[in-house]
Amino acid sequence: MEAKVIIATVAKTTRENKKIWSVGIEGEEQPAAFCKSAYKAMRFCFLLKKHTEGARISQDCLVVLSAEIKEEKAALANAEGQEKLNEVRQEFIEEHSVDAVLAQQPEQEPMAEPEKPKKQRKPRAKKNEQAADVIAFQ
């Protein structure tokens, strides 16, 4: 009995340079499944491994999928960073433009009321110590 091997290959490349992955069992008649990303292709490989007893995933496929996932994450992080940078740059330009600065009225600070001192407890009245001494000697 042959060992079943799960393989993932690039089936197509779209116009946006996105890859379509084909995941299937080598030598099986059932059609391969198509995934839009390397991450989903890897997940499908492990799902297929779980449902088919005795099948194993090709080590080469795992290496290729892992490298592709790493590249996708780096590209996504770079794109998000550029978008954030452009947003911050645009906000700064709008906030510090000549028209915005000239349109702002100088803000007048409201008259600050003088601070009232905090209320403190009244000190305890001291007991008459001399009266206590006199009573003790009598």
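The values are calculated or read from the model by the stated rules, or taken from the named source; none is laboratory data. What you see is a predicted model; the values in this text were computed from it and never measured. No Cβ is skipped: glycine too gets one built from the backbone with ideal geometry, and neighbour counts run over all protein chains shown. Just the protein is used for accessible areas: all its heavy atoms, side chains included, with ligands, DNA and RNA removed. Shrake-Rupley method; radii C 1.70, N 1.55, O 1.52, S 1.80 Å.
Restricting attention to the range 1-60, lysine pairs at least eight places apart or on different chains and with alpha-carbon atoms under 17 angstrom apart total 10.
Over all other residues within a Cβ to Cβ distance under 14 Å of Val10, the charged ones net out to +1, with Lys and Arg as +1 and Asp and Glu as -1. Convex hull volume of the C-alpha atoms in the range 1-85, normalised per residue: 89 Å³.
Counting only protein heavy atoms and a probe of 1.4 Å, the accessible surface of the range 7-100 is 53% carbon and sulfur.
For the range 47-56, the Karplus equation 6.51 cos²θ - 1.76 cosθ + 1.60, evaluated at θ = phi - 60°, returns couplings of 5, 5, 5, 5, 7, 9, 6, x, 7, 10 Hz by residue, with Gly and Pro reported as x.
Evaluated with a Cβ-only charge set (Lys, Arg +1; Asp, Glu -1), the range 1-94 carries a dipole of roughly 160 debye about its Cα centre, given to the nearest 20.
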